[in-house]
Amino acid sequence: MKGKSIKGKSIEEIKSALLEAIADGFVPTLAFIFSSISLDIKGISELFNKVGIQIFGSTTDGEVYEDEICEGAATILLLDINTDYFKVFIEEVGQGGYFEASRSIANKALAFYPDPAFIFAGTGIYKDPYIERIIEGFKDILGPQASVFGGMAGSDMIMGGASSVFVNNQISTDAEVAIAFDARKISVKGIATCNWKPIGTSKTITNSKENRVYKIDNLPPLELTMKYAGINELPDNLFDIQKELNHTLQIQLQRDEGDSIMRVGLANMEDKSFSFIGSMPEGARIKFCLLPDLETLDETIEEVNNLKNHEMPEADAILYFACAGRLLAFGPAIIREIDGINKVWNAPMTGFFCQGEFGKATGGALEAHNLTTVCVALKEI
């Protein structure tokens with residue numbers, strides 16, 4: 001399997017880059033397209049339809065191309081993979097929600113492959129932040145060791161903005177899109193890693209329902225966070241409030257087994273509760289985390305190197321999914337992580353900043369994550 005990465009900020013630029021990529025006889029059959037919501041998604045899809053390339057598409061909170069971060073662009077990974085080795089699915093999120101949509105995709109994939117491995121993207125966290133239902137749907141059909149990597153679509157950092165996923169002839173703001181690979185033909189190996197360091201003592205969630213937390217140590221989460229972060233007054237609008245919180249303390253959900261995982265809380269000003277992207281059960285323990293330093297980025301690169309050394313010595317292509325919150329937290333320094341990962345295999349790499357991530361953490365099970373980087377390596381067997 002051969003891969004090439006291209007980018008563009010308009011249909012004309014993308015078309016020119018595509019024509020250049022195929023000028024040497026390269027015949028791609030699959031394109032991962034990660035695009036700003038400012039671009040003409042329909043027009044991009046039509047361009048790839050005309051040349052017979054299947055699409056896995058998602059809008060973003062920032063695009064990654066090799067060792068660069070792009071804005072207002074589309075970054076595209078082209079693969080010349082045998083079409084018998086993969087299937088693209090898009091499933092509208094209906095009354096059954098994320099859970100039933102994921103179950104449907106998993107069941108459809110099993111009709112083609114006995115042990116499918118998935119790359120995934122979804123929309124709608126502002127409608128239903130409980131994105132763990134996505135993972136629960138896959139696990140319900142495929143078991144706890146289901147291989148699912150990816151992230152939730154972004155919307156150019158617009159708080160509450162409409163994100164989209166798309167395939168060749170369908171664009172949706174309320175759907176899941178997935179590629180199922182035949183694991184007998186395509187090796188899909190990945191890792192989810194964050195490396196944020198907790199501080200202080202554990203605190204207990206004393207009042208919650210699914211992903212909505214009303215009390216931590218019997219105090220409203222927003223009030224508690226402001227207290228420990230030293231925030232006396234919040235900005236007037238929700239986006240700036242979230243930025244203020246993201247730049248001070250983050251919350252880590254403690255696990256009895258495997259790695260602890262990060263959780264992003266969306267503030268509800270009326271009752272000072274948090275709606276988290278992922279479940280926060282009553283009685284669970286949390287710790288606050290300070291903003292990470294550059295060592296955190298180096299630790300991420302080291303864990304990706306471990307993935308190479310122990311599971312995937314060579315790769316044909318790399319996909320990078322990282323939380324938009326990491327981009328906000330690290331700023332331009334995040335390029336250190338991207339450049340380091342790009343050099344691990346020296347294979348074509350694209351990706352995007354997203355609103356929730358999926359994958360297995362070190363020593364842990366398949367999870368829905370926040371503030372995390374997910375790196376996925378693909379190799380034809």
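Quick rundown of the values:
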| read-out | value |
| --- | --- |
| Where labels lie 7 Å past Cα in the beta-carbon direction, separation of Thr204 and Ala111 in nm | 4.9 nm |
| In nm, spacing of pseudo-spin labels at Leu294 and Asp24 (7 Å Cα→C-beta vector) | 3.5 nm |
| CD proxy at 222 nm, helix term only [per DSSP H run n ≥ 4: -39500 (n - 2.57); per residue of the chain; nearest 500] | -8000 deg cm²/dmol |
| Stokes-Einstein D in µm²/s, Kirkwood radius over Cα pairs - the chain at 20 °C with 1.002 mPa s viscosity | 103 µm²/s |
| Calculated FRET efficiency for the pair Lys227/Gln145, C-beta based, R₀ 41 Å, to 0.05 | 0.50 |
| Average projection area in nm² (convex hull over Cα atoms of the stretch 228-381, one quarter of hull surface) | 10.3 nm² |
| Cα-based shape type of the stretch 4-110, given that a ≥ b ≥ c are square roots of the gyration tensor eigenvalues and the cut on a/c is 1.5 | oblate |
| Whole-Å semi-axes of the stretch 198-290's equivalent ellipsoid (Cα gyration tensor) | 20, 14, 12 |
| Rounded FRET efficiency, nearest 0.05, which uses the C-beta distance separating Asp240 from Ser38 and R0 of 22 Å | 0.55 |
| Residue-by-residue Karplus 3J(HN,Hα) for the stretch 344-350, coefficients 6.51, -1.76, 1.60, Hz, glycine and proline x | 4, 10, 6, 10, x, 9, 9 |
| With eigenvalues of the C-alpha gyration tensor scaled by 5 and rooted, the stretch 105-256, Å | 35, 20, 14 |
| FRET efficiency estimate (nearest 0.05) - Cβ-Cβ, Lys50 to Met269, R0 41 angstrom | 0.25 |
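Where a number appears in this text, it was derived from the coordinates with a stated rule and is not lab data. Note that the structure is a prediction, hence the values are computed from the model and not measured. Glycine gets a Cβ as well: all are built from the backbone with ideal geometry, and neighbour counts include every protein chain shown.
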